[in-house]
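Notes to accompany the following structure.
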Amino acid sequence: MNGGGSSCVNLDLAEKVLAWSSVMSGDHKDCFGILDRVFPPGEGGLREVPSLCRVCPDKKECLQEALATREGLELRRQVLDRAAPRGLIGWLRRWSERKELSRRIKKMESGKR
């Protein structure tokens, strides 16, 4: 392996950082915490983090913020709905988590009014 491969990777990373810094507004990027931009559905319907977000220094906080939105809570509920419960304990755990998500969604909705 020669050194040329690593310079291509570094150039690619530099281009991503440049693109990242060019869309900053205030403390965060315009896409900060927007679920469909920072964790969009990819091929086959599976969600994935875009390559530009992988180099963002705020990626963890951004994804946490996106999952705390109403859309993020709905996504978590969909994941729970797809998961098959394993026995009575699994069913109870899933029921409890769904109940908590529903409460959080209702609380968000009542706070907006």
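Only the coordinates and a few stated rules stand behind these numbers; no lab work does. Everything numeric in this text was worked out from a predicted model, so none of it was measured. Neighbour counts are summed over all protein chains in view; Cβ atoms, including those assigned to glycine, are modelled from backbone coordinates with ideal geometry.
Observations
- Sequence-distant residues sharing a close amide H with residue 47 (under 5 Å, placed H): 42
- Here the peptides 34-40, 88-94, 74-80 are ranked by packing, the mean other Cβ count within 10 Å, and the order with the highest first is 34-40, 74-80, 88-94.
- Compactness of the stretch 69-113, taken as the C-alpha radius of gyration over 2.2 N^0.38 Å, stands at 1.26.
- The stretch 69-113 - charge dipole about Cα centre, Lys and Arg +1 at Cβ, Asp and Glu -1, debye rounded to 20: 160
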